[in-house]
Amino acid sequence: MSESTGDTRNTQLDELRRFTTAERWVHRTTSALMLTAIVTALLLYVPGFAELVGRRRLLVVVHEWSGILLPLPLAVGLFFKGMRADMRSLNRFGPQDRGWVWRAMRHGTGLAGPAGKFNAGQKLYAAVIAGLVVVMLGTGLMMWFTELSPLNLRTGASYVHDWLALAIGVLVLGHIRMALKDPEARHGMRTGWVARRWARREHPLWEQELKQEKNSEPGRPS
């Protein structure tokens, strides 16, 4: 399945198509499920919050199902060409990614060096979150369906689940903090379009790639 990326108005405004409709909905639904799982976990594990909210059983059910459904938006999104292309980009570390994280930590992302559609920090975040979600799903199922494993394994699963939940919470807060610092990136995720000047500054290799693709279209002079 594919989506049309043509939009004359946005092209005339010198904007670039960054995300398709399917990709934006995958991000939104995944974000909603992730935040629901994090908030319900916080309410369940902090006694004061649990007493304030009450209805613990309802919180448990919401937490369980938000976790179980977390991989579903991505699984549906993989039926779309744009989503598959971005997954391939996220899964590739090129020469420009080497040293990017270290330079970003020392000098900020603006001086970290050129990046493609996704910089090395975004690629690492996606990889770590994906791995953690898989482990969380496995340990969560062991805790939910007690007949699947003996008590000692369930105890270990509970310990791993709790600590990884904390790690995910910290990573997601960091992700939100970075997004709040970049209004154009949020605009891109909200509308699918970003300004060319932003792309040239933050993701110059991607901007150059799109320019080359446009120049190589049939009927255009080389």
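We did not get these values from a lab; they are worked out from the coordinates using the rules stated. Being a predicted model, the structure only gives us computed values, none of them experimental. Here Cβ is always computed from backbone atoms with ideal geometry, including for glycine, and neighbour counts include all displayed protein chains.
So what is the 222 nm mean residue ellipticity for the chain from helices alone, if each DSSP H run of at least 4 adds -39500 (n - 2.57) and you divide by all residues, rounding to the nearest 500 deg cm²/dmol?
-22500 deg cm²/dmol
Quick check: residue separation of Arg201 and Ile176 times 0.36 nm, minus the Cα distance between them. What number comes out in nm?
Fully extending the segment from Arg201 to Ile176 adds 6.9 nm.
Cβ under 9 Å from Ser89's Cβ, Ser89 left aside: what net charge do those residues give with Lys, Arg +1 and Asp, Glu -1?
Every neighbour counted, the sum reads +3.
By how many degrees, between 0 and 90 and to the nearest 10, does the Cα long axis of helix 81-90 differ from the longest principal axis of the chain?
Tilt of helix 81-90: around 80 degrees.
Could you give the angle, 0 to 90 degrees to the nearest 10, between helix 120-144's Cα long axis and the longest principal axis of the Cα atoms of the chain?
30 degrees
When you count, for each residue, the other Cβ atoms within 10 Å and take the mean per peptide, how do 177-186, 81-90 rank with the highest first?
For the peptides 177-186, 81-90, the packing ranking is 81-90, 177-186.
I'm spelling it out carefully: the read-out is Rg/Rh (Cα atoms, Kirkwood Rh), the candidates are (1) 1.13; (2) 1.04; (3) 0.98, and one was derived from this structure. Which label?
(2)
Of Ala179, Val62, Ala165, whose Cα points farthest to the positive end of the dipole of the chain (charges on the beta-carbon: +1 Lys, Arg; -1 Asp, Glu; origin at the Cα centre)?
Result: Ala179.
Cut-off 10 angstrom, C-alpha nodes, Gaussian network model of the chain. Which of Gly138, Gly48, Gly121 fluctuates the most?
Of the options given, Gly48 has the highest mean-square fluctuation.
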